[in-house]
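Q: Take this structure first; my questions come after.
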Amino acid sequence: MKKFKFNEAELVTDSVCEQVVQAYGYGFLDYPVPKFNAPITPRENVLRMYAGKRPFWTPNLNCDFNFIQPEVMPDAKARNKGGLDWFGIEWKYEELSGAAMVKPGTRRLSDICNWKEELIWPDLDAIDWAADYEANFKPYVDPDKASLFVIVNGCFERLADLTSFEDTFCYLLEEPEEVVALFDKFTDFHIKLMSIAKKYYHADIITYHDDMGTQINSFMSEKTFRDVIAPHSKKLVDAAHKMGLYVNYHSCGHVENLLDAYIDCGFDSWEGQDTANNITAVVDRYQGKIGTFSAFDVGQNEEIMREILSKRITEQGKFGKFIAWPFSEDLDIEKKSNEELYRISRQYFEKEVN
C-alpha cells in the first residue's frame, strides 16, 4: 500500500521527544531524540515486532521507548547511586565504571537455610506508586512510545548479592530444595512488582535482569538452569503474559548454551552481551523464536556508522525480532545514527510490510 512506502519526508520533522532519564544500563540519554513522521507510532511498531509481525523499522532503544525504573524502588536507587537495596544489601557507587556494586565484605544472609528467619520482605503496598508516576514519570512519558519497566536483581543475582557467588554455586548443588523455595518467594515478589508496573506505570515490556555467565562460559550447565532457575522464570513469564506484558531477559555473559532453555521459559527477547556471544549466529539458529536486544558502538564517522547499521539490520534484524541500541563516543555520530537506523531499516523492511 503506497501510504506505507518510505519517503524522506518522514525524517523531516521539528518534533522531538524527551527521554525519561532514569539511569539504566549504559546510562543517561541527555539529549532529545527525533520523533519521525512514521506510518505507525513507535509503540505500535515495537508491539508489532513482539507479536511476531514484521516491523516497519528496527526499534531503537534510544528513540522508541520510555525507560521506567522508579527510584522509589530501593533496588533501583542502590544499583544506580549506591546505598541499601530492598533486602538491606549495601551497594557502593564506583565513579570509574559509572555503576554500583555490592560493597566488599557485605553479607546479608548467613546461610541459604536461614532465609526464612533472616530476610525481611519489602511491603510493596507501602509505596505510593501513583504519586511517584504522577510526579516523576507522567510529565515525560510519551504515549506513542513503548514503556519498558526495569527490574534488576533476578533470583540468581539476588542470592549471590545476599551471600557470595562462591556460596551460591555451592547452594545450587548442595541445597537445591532451599534454593527452589527461596526463588519461588522471589518470583512471587517480582510478579507483584510487574503488576504494579502495569497498573501504575502503564508498562508494555518488563526488562528482567539475571546475568548467567562469565565472558567465556555460563555459570551453570543447561541442566542445572532447567532444574533450578527455569521453573521460576517460566512462572514469571507466564504471569507477565497474562497481564499483557512482554518480557525482555537481560542476561549477560557467554550464555548461548542456555538459549534453548530461555526460549522454553517463554522469554520474548534476550538482551545479551555482544562481546561475549555471536549474536548473528544466534539469530540464524533460532530464526525469530526469541528476539535479540543489542547495544553496539557505531564508530566515530558517518561512513562506518552506516556500514555497521546496515550489517546489524540485515544480519540480526532479518527475521524481524531485533531491537537496536546504537551508541558512539562521538555524540553527533550517535545522534545521526538514530536517523540512519530509521532510514535504512524502513527501506529494508518496506517490501515485507506492504
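Just so you know, all these numbers are worked out from the coordinates, no wet-lab data involved. Since this is a predicted model, take the numbers as computed values, not measurements. Note that each Cβ is placed from the backbone with ideal geometry, even for glycine, and that neighbours are counted across all protein chains shown.
Q: Please give the Cα centre distance for region 308-346 versus region 181-204, rounded to the nearest Å.
A: So the two Cα centres are separated by 32 Å.
Q: Please report how far the C-alpha centroid of region 137-169 lies from that of region 91-116, rounded to the nearest whole angstrom.
A: Cα centroid to Cα centroid, the span is 15 Å.
Q: With springs only between Cα atoms under 10 Å, which of PRO34, PRO139, PRO231 fluctuates most in a Gaussian network model of the chain?
A: Top of the fluctuation ranking is PRO139.
Q: Of the options PHE149, THR163, LEU173, report the single residue whose Cα projects farthest towards the positive end of the charge dipole of region 104-215 (beta-carbon charges: Lys, Arg +1; Asp, Glu -1).
A: Going by the Cα projections, it comes out as PHE149.
Q: From the cross-link list LYS81/LYS311; LYS103/LYS192; LYS81/LYS318, which pairs have alpha carbons spaced over 32 Å apart?
A: LYS81/LYS311; LYS81/LYS318
Q: So, how do all the Cα-to-Cα distances of the chain break down into 20 Å bins, in percent, from 0 on up?
A: 29, 59, 12, 0
Q: Which of the three applies to region 164-232, rounded, prolate or oblate, going by the alpha-carbon gyration tensor with a ≥ b ≥ c and a/c under 1.5 meaning rounded?
A: Note, shape of region 164-232 comes out prolate.
Q: Do the alpha carbons of any pairs in LYS77/LYS336; LYS289/LYS336; LYS321/LYS351; LYS5/LYS336 sit beyond 24 Å of each other, and which pairs?
A: Values: LYS77/LYS336 31 Å; LYS289/LYS336 31 Å; LYS321/LYS351 16 Å; LYS5/LYS336 22 Å.
Violating the 24 Å limit, Cα to Cα: LYS77/LYS336; LYS289/LYS336.
Q: When the Karplus curve 6.51 cos²θ - 1.76 cosθ + 1.60 is applied with θ = phi - 60°, which whole-Hz ³J(HN,Hα) does each residue of region 325-331 get, with x for Gly and Pro?
A: 9, x, 8, 7, 5, 8, 4
Q: If you don't mind, another one. Could you pull the Cα extents of region 175-325 along its three principal axes, largest to smallest, in whole Å?
A: Projected onto the principal axes, the Cα atoms of region 175-325 cover 53, 37, 26 Å.
Q: Another question, then. Considering only ILE216, ILE206, ILE323, give the residue with the highest GNM mean-square fluctuation for the chain, with springs between Cα atoms whenever their separation is below 10 Å.
A: The residue that fluctuates most here is ILE216.
Q: Among THR275, THR207, THR187, whose mean-square fluctuation peaks in a Gaussian network model of the chain (Cα, cutoff 10 Å)?
A: THR275
Q: How large is the dipole of the chain about the Cα centre if only Lys and Arg carry +1 and Asp and Glu carry -1, each at its Cβ, rounded to the nearest 20 debye?
A: 1460 debye
Q: Can you give the Kirkwood hydrodynamic radius for region 268-323, in Å, rounded to one decimal and based on Cα pairs?
A: After inverting the mean inverse Cα-Cα distance, the result is 11.6 Å.
Q: Could I ask something else about it? Would you work out which of THR41, TRP325, LEU61 lies farthest towards the positive end of the dipole of the chain, given +1 charges on the beta-carbon of Lys and Arg and -1 on that of Asp and Glu, about the Cα centre?
A: THR41
Q: OK, next. Across region 212-217, in residue order, what do the Karplus-derived ³J(HN,Hα) couplings come to in whole Hz, using 6.51 cos²θ - 1.76 cosθ + 1.60 with θ = phi - 60° and x for Gly and Pro?
A: 10, x, 8, 5, 10, 6
Q: Could you derive backbone 3J(HN,Hα) for region 334-349 from the dihedral phi with the Karplus parameters 6.51, -1.76 and 1.60 (θ = phi - 60°), listing whole Hz in sequence and x where the residue is Gly or Pro?
A: Residue by residue, region 334-349 yields 4, 4, 5, 5, 5, 5, 5, 4, 5, 4, 5, 6, 4, 5, 5, 8 Hz.
Q: Next question, about the same structure. Along its principal axes, what span do the Cα atoms of region 252-354 show, with the longest given first and each in whole Å?
A: 40, 36, 17
Q: Is the shape of region 184-269 rounded, prolate or oblate, going by the alpha carbon gyration tensor and its root eigenvalues a ≥ b ≥ c, with a/c under 1.5 for rounded and a/b larger than b/c for prolate?
A: prolate
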